[in-house]
Number of protein chains: 2
Amino acid sequence: MLSNPITPIAERPEPERIYLFVQHFGRRLRDIDARAGLTPARFSALASLRIHGSRNIGELAADERVRPPSMTRLVRDMARDGLLVRTPDPADGRGVLIELTPTATALFDAVRAEKIALVADFLRTLDEPARAAITLAFAALDDLAEPPEPPP
Amino acid sequence: MLSNPITPIAERPEPERIYLFVQHFGRRLRDIDARAGLTPARFSALASLRIHGSRNIGELAADERVRPPSMTRLVRDMARDGLLVRTPDPADGRGVLIELTPTATALFDAVRAEKIALVADFLRTLDEPARAAITLAFAALDDLAEPPEPPP
DNA sequence: TCGATTTCCTTAGCACTACTAACTATACTA
DNA sequence: TAGTATAGTTAGTAGTGCTAAGGAAATCGA
């Protein structure tokens, strides 16, 4: 049974503090995207293309766990804004190949670097035992971030 | 300089693995909201009201870092859906007091419990040193989630 | 090989949530 | 009390998710 009103964050059980950290820090990360003029969906699509180099609509939609029509529109709007280029897939007449423009690559790299710096600068303010604990903790937590297998 | 293509996640620097964990696990948390029929904005508004008991539009907007018109509409739609109740503020003729309905309280508590359980169940799969590292790590990381002071 | 099916993507339309600009009504203050 | 500040709303725009429906290319099976 959960009490009412709810306890201050610092007194809540550890599992809750973990998910609250994720929610709060996630908002801070989205603020970085927003200041760079990127919506979360756009940043995420850029990341997928930055890793894979080239992607078609269906792959991007699967990466982002979004339906194809949503990705069609996102790609159309981002192409309109000069962030990516669509070319017909020479190997499949139904498909499209999507690639980043140099502008988008530079923008993504800058935002990524800012996020890394935000965390890295913070880590430098901590003492060595805390940093060691963080290294161990995130190694252990990796599997928590993975979504369960989607049904076939 | 960032290389192209980008390195696999497991080989990236620790700061990046932390923000990627937040992005990935955040998505999993939003999936829980979605399965309960809650959008992220609604879950967040519910959380604010669950903690504070009663809130007006401006306070809720500030809590959620959203502009008042966005909160006006969110509250209107959530009231329409039976999640909260608006009453005129007896102390300020311009204001409105917003409170959760019992339905919304129960729904929020269930979603919160599911998120806690997701993390708690995972933590139980870890050995004791890993759990200890996680406790230390999140104590150290609390300040990273806090946004910097907003300008006056 | 030809018809049926599957796959890839798109169009159309709805829902939700963010924004700014502009407005009303109430409260405060000098 | 006149002027200003504050609380909230309305109106209009943009972005992102969805489903339904459909065209076109690829593939499969008889």
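The values are calculated or read from the model by the stated rules, or taken from the named source; none is laboratory data. Since this is a predicted model, take the numbers as computed values, not measurements. Here the Cβ is made from the backbone with ideal geometry for all residues, glycine too, and neighbour counts use every protein chain on show.
Key figures
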quantity	calculated
Selection count, region A:92-138, where residues are in contact (Cβ under 8 Å) with a residue 12 or more places away in the chain and of a type in the set (A, V, I, L, M)	9
Index of the failed condition, A:G93 passing every other in (1) within 14 Å of chain B (Cβ to nearest Cβ); (2) among the small types (G, A, S); (3) farther than 30 Å from B:S54 by Cβ	(1)
Flag for A:T7 being within 30 Å of B:A106 (Cβ to Cβ), among the hydroxyl-bearing types (S, T, Y) and more than 11 Å from DNA strand D (Cβ to nearest atom)	yes
Criterion violated by B:T135 - all others in (1) within 30 Å of A:A140 (Cα to Cα); (2) of a type in the set (S, T, Y); (3) outside any helix (DSSP H, G or I) satisfied	(3)
Filtered residues of region A:11-67 (kept if at the interface with chain B (Cβ under 10 Å from one of its Cβ atoms), more than 22 Å from B:A47 (Cβ to Cβ) and in contact with a Ser or Thr (Cβ under 8 Å, 6 or more places away or on another chain))	A:R50, A:E64
Of residues in region B:100-113 being of a type outside the set (V, I, T) and loosely packed, with under 15 Cβ neighbours inside 10 Å, the one nearest to the other protein chains (Cβ to nearest Cβ)	B:A113
Single residue of B:S3, B:S70 found to be over 15 Å from the mean Cα position of the chain (by Cα) and at pLDDT 95 or above	B:S70
Residue that is nearest to the other protein chains (Cβ to nearest Cβ) [pool: residues in region A:68-86 that are among the charged types (D, E, K, R) and more than 9 Å from DNA strand D (Cβ to nearest atom)]	A:R86
From the options A:T39, A:T105, residue that is more than 16 Å from DNA strand C (Cβ to nearest atom) and under 16 Å from the mean Cα position of the chain (by Cα)	A:T105
